[in-house]
Structure formats: structure tokens, C-alpha cells
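*Asks:* Okay, here's the structure, questions in a sec.
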Amino acid sequence: MPSRKRAAATGSGRRIPVGVLGATGTVGQRFVQLLERHPWFEVIEVMASDQSAGRSYAEAIGSRWKLATAIPPDVAKLRVRGPGDPLQARILFSALDASVAGDLEQEYARRGHLVSSNARNHRMDPKVPLVIPEVNRDHMKLLDLQPYRNGGGLVTNPNCSTIVIAMALAPIHRSFGIDAAIVTTFQAASGAGYPGVPSLDILGNVVPFISGEEAKIESETQKILGRIGPKGIAHAEFPVSALCHRVPVVDGHQMAISLRLETRATRRRILDAWEGFRPLRKLGLPSAPEAPIEAKVEEDRPQPRLDADRAGGMGVTVGRLRPCNVLEWKFEALGHNTIRGAAGAAILNVEILVRDERI
Ligand code: NAP
């Protein structure tokens, strides 16, 4: 699949310059970490709020850096740009707080930047792709409907729980059709950003409320599993009911999922559908896992501490598939919320755009 653009990205040693919006937050730090050794992309700009702007990234972030690896030296010395400042990189990864992401991301798209966003603001816009490359890469065609010129555009990845759910459901939906789904989540503390949930609320506790989360899971899943036509996305019609909980886990969102199917399935055929789900194999995308879904056979897996980091945090792990007495089948699913559920997802979205020569 040699293309000049991809050859430039992968072959010549020249990496594509990129910027990170909201670079000082939980997801922003993940972007900076994941992009440090990325073979195609190189961080040349970082942007955050006025309280960080004007200082070096290392100074602005100070003790808020929460990852086990050091701040990459080339990024540590970058001067943090403020909201709306002019930026050079065509590709911008956004980890902006939702209170500001809506307007700022649109403004950068208007200026000709391709913005790959984690924020919720534009996910349900009918002209904005909400994409998991393994599941609905064809939805990137929505970029053609956007009003932006000079290469500008907006692409989003799903909410950190939705991404795990939609990946686990996609092969089942394709093979058997899903009629109804009930999802109960157990979501890590890092999903709330930093400082996030106060320690006295979360330590030794379960909080059965995450603002807006249940509605996001219910609507985003239907958009992702919908079909694209000339007029946009026809959302999947099966109902999804979500019950969300914050739990004292650092990283890794776990879900218990029950399904009713449209056609008859067996346990073996569902396991085969997961096992055979390798749509990006052979594309050579740096962030795409060889096996996006792994089904564990042990009766007590998946678990966040043991499985969230699989495939560099980009793998979704499922397990405990068994009959459900109310619907038909039930199982557990798990994914890393700041990697597969956020920064890694946004990076993979741009990798597929480069591979498909859309940018
Ligand atoms: P966070 O830790 O609170 O970080 C927010 C970032 O936004 C910081 O870099 C902050 O900069 C910046 N920011 C805040 N106000 C700003 C303004 N007025 N102008 C410019 N920048 C501003 O949040 P997070 O957890 O990383 O989440 C970031 C986004 O990703 C959110 O939209 C969230 O919903 C989404 N998301 C998060 C997760 C997760 O697991 N955490 C998963 C999926 C999606 P300063 O440091 O300068 O204040």
C-alpha cells in the first residue's frame, strides 16, 4: 500500500508534526506518553488553559504528571500555548475539558486543522465521525459532509466505557444481530481526570453515579454500530440500558453485559466471532493490536489490574461468557480507559486516516 504520505510518515524517518490540546490533563499526559516513540507522529506543540500557558510543559505540569514514565525531554521544554493561540501542526489531538472543547475544537477545524477529539461535545453531531477503526472505519466518510475548508475537520472517539462495549458487541452484532443490551459499568478513578473524585468519596466505596455517562453509553453505542448511507448514519435500533459506577480502581473500566440476540447463537460461535475479529490486521497501523479482542478462559477474568494493559492498553478483554436467564447471554468486558478509551483511540483514528489517505 505504498503512498507518498505514508512513506513520508513511516519510511523516510520524517515524522508528521502534531499538537496536543489539553496536554496537561490526565488524557493529555497519555497522549504525550504514547506519542513519545510513535513512528509516524511527533509532538511539536502543546496547548492548555491560561493557567498553564506561557510556561514550559514541565513547569506547567509540575507534580501533576501522574504516569510511571518520565515526561519526554522534547515535550518538557515546549512552551505551552493558550486557548485559541495559532498552531502550526495540521493534526491536533484533543484532550480538552468538555467545558471548552466544543468551541475550541471547531475553531481549530475552521483554521484548517484536523482535530481528533476525546471530548463528548461533537460525538453525536450527525456530520462528525464517531469512530473505532476496527468497528466503523467507513464512518470517516462523514468528514466529506463537514463545512471546514483547507483540510480542516473533526473526528471523535467514543466515551471510555462505550469504546469497550462497542468493540465487544460489534462482532456479535454482525454475526447474530443484537436485540437488546444491558450494561453495568465499574469505572476507574482516572476516568474522572485529575484530581477527579475526592479520595474520601472513592476509597473503600462504590459511587453509583457518573454525570451523563449512562446517556452517553446508550446513544454512542447506537451511532457506532449504525450504518452509513448517503445521508449520514442510520443508528442501530436496539435499546441499550446502562448502569454506571465509579470504583476504587486506578485504570481500567470493566463492564458486565447482558444481551438478547436476533438470531440463535451458541457459546462457541460467539467466541469464534470475537476470535475472528481482526479487521485491521495487515494494515501496519502502529497502535492497532494484533488481536483487538481477547476472550479469557479463566473463570475469574478479566480484571483491571491483570488485563487492562494488554496490547499496550489497546486490547479489549472479554470473559465469563455464559447464558443469561433474563436476556440470553452475559459476559464481562474490560479496557484501559485512558489508552483504548481515550488517547490511544484518538491516535488510532488518525493512523487509519493516514493509511486511507484521507489526510
Ligand atoms: P483533565 O485531567 O481535567 O484535563 C483537562 C485539560 O483541559 C487540561 O489540560 C486543562 O488545562 C485543559 N483545560 C481546561 N480548561 C481549559 C481552557 N479554558 N482552555 C484550554 N484548556 C483547558 O481531564 P481528562 O480526564 O484528561 O479529560 C479530558 C477530556 O477527555 C474530557 O473531555 C474528558 O471527558 C475526555 N475523556 C477522558 C477520559 C479519561 O479516562 N480520563 C476518557 C475518555 C474521554 P490546565 O491543566 O491548564 O487546566
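All of the numbers you see were taken from the coordinates with simple rules; none came from a lab. Treat the numbers as computed from the prediction; the structure is a model and nothing was measured. Using ideal geometry, Cβ is built from the backbone for each residue, glycine included, and neighbour counts are taken over all protein chains shown.
*Asks:* What residue among 49, 63, 175 has the largest mean-square fluctuation in a Gaussian network model of the chain, using Cα springs under 10 Å?
*Replies:* Its mean-square fluctuation being the largest, the pick is 63.
*Asks:* Let me spell out the model: positive unit charges on the Cβ of Lys and Arg, negative unit charges on the Cβ of Asp and Glu, origin at the Cα centre of region 162-337. What dipole size does that give, in debye rounded to 20?
*Replies:* Working: 21 positive and 20 negative charges, 122 e Å.
Taking the Cα centre of region 162-337 as origin, the dipole is about 580 debye.
*Asks:* Which residue fluctuates the most in the chain, going by a Gaussian network model with Cα springs under 10 Å, if the choices are 255, 314, 124?
*Replies:* The residue with the greatest mean-square fluctuation here is 124.
*Asks:* Suppose we keep just the DSSP beta bridges with both residues in region 162-337; what percent of those would be antiparallel, to 5?
*Replies:* Values: 24 of 32 bridges.
So the antiparallel bridges amount to about 75 percent of the total.
*Asks:* Something else: Please give the charge dipole size of the chain, origin at the Cα centre, charges +1 on K and R Cβ atoms and -1 on D and E Cβ atoms. Round to the nearest 20 debye.
*Replies:* Values: 46 positive and 38 negative charges, 197 e Å.
Roughly 940 debye, rounded to the nearest 20.
*Asks:* Please build a GNM for the chain, connecting alpha carbons under 10 Å apart, and tell me which residue among 326, 135, 27 fluctuates the most.
*Replies:* Most flexible of the set in this elastic network: 326.
*Asks:* Would you please state the base-10 log of I(q)/I(0) at q = 0.08, 0.16 1/Å for the chain, with intensities from the Debye formula using one equal scatterer on every alpha carbon?
*Replies:* Per q value, in the given order, log10 I(q)/I(0) is -0.37, -1.51.
*Asks:* Another question about this same structure. On full extension of the chain, what length is gained from residue 206 through residue 322, given 0.36 nm per residue of separation minus the C-alpha to C-alpha distance?
*Replies:* Values: separation 116, 0.36 × 116 = 41.76 nm, distance 2.57 nm.
Using 0.36 nm per residue and subtracting the Cα-Cα distance, I get 39.2 nm.
*Asks:* For the chain, take the longest principal axis of its alpha carbons; what is the angle in degrees between that and the long axis of helix 98-110, to the nearest 10 within 0 to 90?
*Replies:* With both axes taken from Cα atoms, the answer is about 60 degrees.
*Asks:* In whole Hz and in residue order, list the ³J(HN,Hα) couplings for region 192-199 that follow from phi through the Karplus curve 6.51 cos²θ - 1.76 cosθ + 1.60, θ = phi - 60°; x for Gly and Pro.
*Replies:* 9, x, 10, x, x, 6, x, 4
*Asks:* Let me ask something additional. I want to check the label-to-label distance for residue 227 and residue 124. Put each point 7 Å from Cα in the C-beta direction and report it in nm to one decimal.
*Replies:* Distance between the two pseudo-spin positions: 2.4 nm.
*Asks:* If you don't mind, another one. With each pseudo-label sitting 7 Å past Cα toward Cβ, what's the residue 59-residue 275 distance in nm, one decimal?
*Replies:* Spacing of the two 7 Å Cα→Cβ label points: 5.7 nm.
*Asks:* Helix 26-35: angle to the longest alpha-carbon principal axis of the chain, degrees 0 to 90, nearest 10?
*Replies:* Approximately 80 degrees, to the nearest 10.
*Asks:* Cα centroid distance between region 109-147 and region 298-359, in Å?
*Replies:* Centre-to-centre (Cα) distance: 21 Å.
*Asks:* Could you list 37, 269 so that the one with the fewest beta carbons within 10 Å of its beta carbon is first and the one with the most is last? Let's see the in-between values first.
*Replies:* Values: 37 8, 269 12.
With the sparsest Cβ surroundings first, the list reads 37, 269.
*Asks:* Write down the percent of antiparallel bridges among all DSSP beta bridges whose residues are both part of the chain, to the nearest 5. Write out the running numbers ahead of the final one.
*Replies:* On the way: 25 of 53 bridges.
Rounded to the nearest five, the antiparallel share is 45 percent.
*Asks:* Same structure again: At what distance in nm do the modelled label points of residue 180 and residue 290 sit from each other, each positioned 7 Å from its Cα along Cα→Cβ?
*Replies:* Computed distance between label sites residue 180 and residue 290 equals 4.1 nm.
*Asks:* Between residue 319 and residues 5 or more places away or on another chain, which pairs have amide H atoms under 5 Å apart, with H built 1.01 Å from N, and which residues are they?
*Replies:* Amide H neighbours of residue 319, under 5 Å, 5+ apart: 296, 332.
*Asks:* Taking H as built 1.01 Å from N, whose amide H comes closer than 5 Å to the amide H of residue 18, not counting residues under 5 places away?
*Replies:* 42, 43, 44, 45
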